[in-house]
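To keep things clear, I will list the structure first and then write my remarks on it.
The values are calculated or read from the model by the stated rules, or taken from the named source; none is laboratory data. Since the structure is predicted, the reported quantities are computational estimates derived from the model, not experimental observations. Cβ coordinates were reconstructed from backbone atoms using ideal geometry, including for glycine residues, and neighbour counts include every protein chain displayed. Note: accessible area is taken over every heavy atom of the protein model, side chains too, but ligands, DNA and RNA are not part of it. Shrake-Rupley method; radii C 1.70, N 1.55, O 1.52, S 1.80 Å.
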Amino acid sequence: MRAAVILLLVGLLVGGLVSASPAVETGKAMLWTGVQWRQVSEDGKAGYIFGMGNLADFEVAAAGQRKPACLSRAFVDDLKTKTVGQIVQDVNQFYRENPDKVNMSVIEVVLRRCTKVCPPETPGGVTKK
């Protein structure tokens, strides 16, 4: 549990340091892409993934009687069989194998590569159905 909290804090700290300026200047949230992903340590990457999972867990738990967001429910359910380290390695591999997709958000990579939520793209960029 302590390691998980430390990873979350490291991820939040790294995320804040890497992306604070553009988010403040534009007034829009900035999603991490392969550019930021490649700049942080493995611990920072794990913290980012752990934070995504915690947010999804929170949203599902907070939903109570109302229907939880489909994306969070699917994310939580699909990723029960993977460790944070496995997800980090999958994202690393995706950006290594697809240098032309460095601007794709980490969240999209996780959803397409590690879950059944979003179907993977075919080589031509068309989504499989």
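Ligands, DNA and RNA excluded, the heavy atoms of R73 present near 90 Å² of accessible surface to a 1.4 Å solvent probe. Between the amide H of T33 and those of V106, distances stay under 5 Å, these residues lying 5 or more places away or on another chain, with hydrogens modeled in the peptide plane. Sorted on the mean count of surrounding Cβ atoms within 10 Å across their residues, most packed first, peptides 49-60, 76-87 read 49-60, 76-87.
Can you give the FRET efficiency for K80 and R38, using 1/(1 + (r/R0)^6), R0 = 25 Å, r = Cβ-Cβ distance, to the nearest 0.05? Rounded to the nearest 0.05, the efficiency is 0.35.
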